[in-house]
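Visitor: Following this message is one structure expressed as structure tokens.
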Amino acid sequence: MTTDGARDRVVVVGTGLAGLRAAERLRELGFTGEIIMIGEERRRPYHRPALSKQLLTGKLQADDLAFATYSELDCGWRPGTRVLQLDPKNRVLMLPGREELTYDGLIIASGVQPRHLPGVPRHDPRIHVLRTVEDAEAIKANLAKTKGRVVVIGTGFTGCELASSLREMKREVTLIGRGSTLLGGVLGEELGMMMNELHLANGVDLELGAKPVSWHATPEHIALALADGRLLTASCVVLAVGSVPNTEWLAAADIDTVDGVLCEATCHVAGIDDVVAAGDVARWPNLRFTETARRCEHWLNAIEMGRAAAENLMAGRDFARPFVPIPRFWSEQHGKRVQGAGIPALAETSFYASGDRSPRSKPTVAYFRDGVQIAVVCVDQPRAMLILTEKLTAQLPVPAIAGAAPQPRLRPRAANW
Ligand SMILES: Cc1cc2nc3c(=O)[nH]c(=O)nc-3n(C[C@H](O)[C@H](O)[C@H](O)COP(=O)(O)OP(=O)(O)OC[C@H]3O[C@@H](n4cnc5c(N)ncnc54)[C@H](O)[C@@H]3O)c2cc1C
């Protein structure tokens, strides 16, 4: 706690969506103390999903992506500032220039960064990743200079959306993945087969079950040798092979950061009273589904978890409520909108409840584990999705766990609330 006369201070590390929504929730709850938002990026918080969609295709410009609420929060903003270290025992953050910043409450929302592949000539300007506006602008600049083929490595959401946007821009695209289906690891083989058909029908060349084993950069192009001996050439390559949580700054803090910041069900960082985490960086057990802690890299989760983390920081660990959402997500590819609820990746079985794998179909796929439906995914059926999400929510009740309404913990003096 702060000394007499001083305002309580909550520091948010990471000015992405989760950090922003957490700060908003603190204000909604009546927190009148100091909020300091520290972010490595220089930009205002912005809409990341547009990077692979509207920004790449030129429908939106970088300045269109900023969130409106930025200036209304009465926060101290520290853009372009990387937090270097956390000392949770003394509640101190180390900033550049040997600056030490104390806090009463800390919200970790430092997100993820793109994973790299070994052996890739990373510093070649024709090799890209996609996480920030600057990444997207660099890809656009590369595309503007060349007409040749683009190779996208990785068949998750980002890779598939990139391939779709590139085809919209009339570029030749090869999508390379290790598995046999696009998005198969996330949405299962049933829908994965449909995604294969959808991308093929829209002119994407698929190299599935393939692995680049060596790279050669020449002035004309980047050449990739695949494990089967074939050589692909590209004027631009984008790696979309997953992400790594931004936890380097927590290395000395005695926090479990194996695949993200390990949290309790309430978003409290495991074993620590006054630190919570939210968004892509957080790994927590969603008790509605499982006691195994896992991360959830979706837009709506960053919003909901940011808000829940703020509520539970205010409530205090003893009064905090478990964060038990039905995860929801969407993706846009070749004019189709894929929407999901639940955790398809946990399923043992799945089947088409309606429609089929043809690219013109508008299917619904249901996912089951231990005989219980745990997820549903629809293609181009926004209304049905609303109803099916409600049904799923009712079928997966919140387990009865102790917890109480948020109580003011950080501010013992009424004047601050
Ligand atoms: C190209 C793309 C498309 C996407 N499309 C969709 C979609 O269609 N649907 C969907 O559901 N989801 C989508 N997502 C996922 C969604 O955008 C993320 O889940 C969400 O933005 C995560 O927000 P976050 O606040 O947790 O993390 P981030 O937005 O990554 O924010 C974390 C911030 O913390 C900063 N940071 C990191 N370390 C430090 C440090 N030490 N000090 C200070 N600051 C630090 C980072 O620079 C970053 O600004 C997409 C993501 C990408 C990249």
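Every number in this text was worked out from the coordinates using simple rules, so none of it is lab data. Only a predicted model underlies this, so the values are computations on that prediction, with no experimental measurement involved. Glycine also receives a Cβ, built like all others from the backbone with ideal geometry; neighbour counts cover every protein chain displayed.
Visitor: Calculate the dipole size of the chain relative to its Cα centre from +1 charges on Lys and Arg beta carbons and -1 charges on Asp and Glu beta carbons; express the result in debye to the nearest 20.
Guide: In debye, rounded to 20, the chain gives about 800.
Visitor: For the chain, what log10 I(q)/I(0) values come out of the Debye formula at q = 0.06, 0.08, 0.11, 0.13 1/Å, with one point per alpha carbon and no solvent?
Guide: At q = 0.06, 0.08, 0.11, 0.13 Å⁻¹ the computed log10 ratios are -0.26, -0.47, -0.88, -1.17.
Visitor: Stick to the Cα atoms of the stretch 335-395, pair each with every other, and give me the Kirkwood hydrodynamic radius in Å at one decimal.
Guide: It works out to 11.6 Å.
Visitor: If you don't mind, there's one more thing I want to ask. Along the positive direction of the dipole of the stretch 161-255 (beta-carbon charges: Lys, Arg +1; Asp, Glu -1; about the Cα centre), which of LEU162, GLY177, ALA217 reaches farthest?
Guide: ALA217
Visitor: Build a GNM of the chain with springs between Cα atoms under 10 Å: which of ASN142, ASN312, ASN286 gets the top mean-square fluctuation?
Guide: ASN142
Visitor: Mean residue ellipticity at 222 nm from the helices of the chain, using -39,500 (n - 2.57) per DSSP H segment of n ≥ 4 over the full residue count, to the nearest 500 deg cm²/dmol?
Guide: Calculated mean residue ellipticity at 222 nm is -7000 deg cm²/dmol.
Visitor: On to the next question. For the stretch 355-370, just list the computed ³J(HN,Hα) in residue order, Karplus coefficients 6.51, -1.76 and 1.60, θ = phi - 60°, integers in Hz, with x standing in for Gly and Pro.
Guide: x, 8, 8, 5, x, 8, 6, 10, x, 10, 10, 10, 10, 10, 9, 6
Visitor: Additional query: Would you tally the net charge around ASP256, using a Cβ to Cβ cut-off of less than 15 Å, leaving ASP256 out, and scoring K and R as +1, D and E as -1?
Guide: -1
Visitor: Something else: With axes computed from alpha carbons, what is the tilt in degrees of helix 382-395 against the longest principal axis of the chain, rounded to the nearest 10 within 0 to 90?
Guide: Value to nearest ten degrees: 50.
Visitor: On to the next question. Could you pull out the pairs from LYS59/LYS211; LYS170/LYS336; LYS145/LYS336; LYS59/LYS336; LYS145/LYS170 whose alpha carbons sit more than 26 Å apart here?
Guide: The answer is LYS59/LYS211; LYS145/LYS336.
Visitor: Sticking with this structure for a sec: May I ask for the angle, rounded to the nearest 10°, between helix 299-315 and the longest principal axis of the chain, with both axes built from Cα atoms and the value confined to 0 to 90°?
Guide: 10
Visitor: Okay, next question. Could you compute the net charge surrounding LEU117? Neighbours are other residues with a C-beta less than 14 Å from the C-beta of LEU117; K and R count +1, D and E count -1.
Guide: In short, +3.
Visitor: Any idea what angle helix 133-145 forms with the longest principal axis of the chain, computed on alpha-carbon atoms, 0 to 90 degrees, nearest 10?
Guide: 20
Visitor: Show me, for the stretch 100-116, the HN-Hα J-couplings you get by feeding each phi into the Karplus relation (A = 6.51, B = -1.76, C = 1.60, θ = phi - 60°), rounded to Hz, glycine and proline as x.
Guide: Once rounded to whole Hz, the list reads 10, 10, 8, 9, 9, x, 10, 10, 8, 9, 8, x, 9, 10, x, 6, 9.
Visitor: Further question on the same structure: Which net charge results when you count Lys and Arg as +1 and Asp and Glu as -1 among the other residues whose beta-carbon is under 13 Å from that of CYS296?
Guide: Net local charge, CYS296 excluded: +1.
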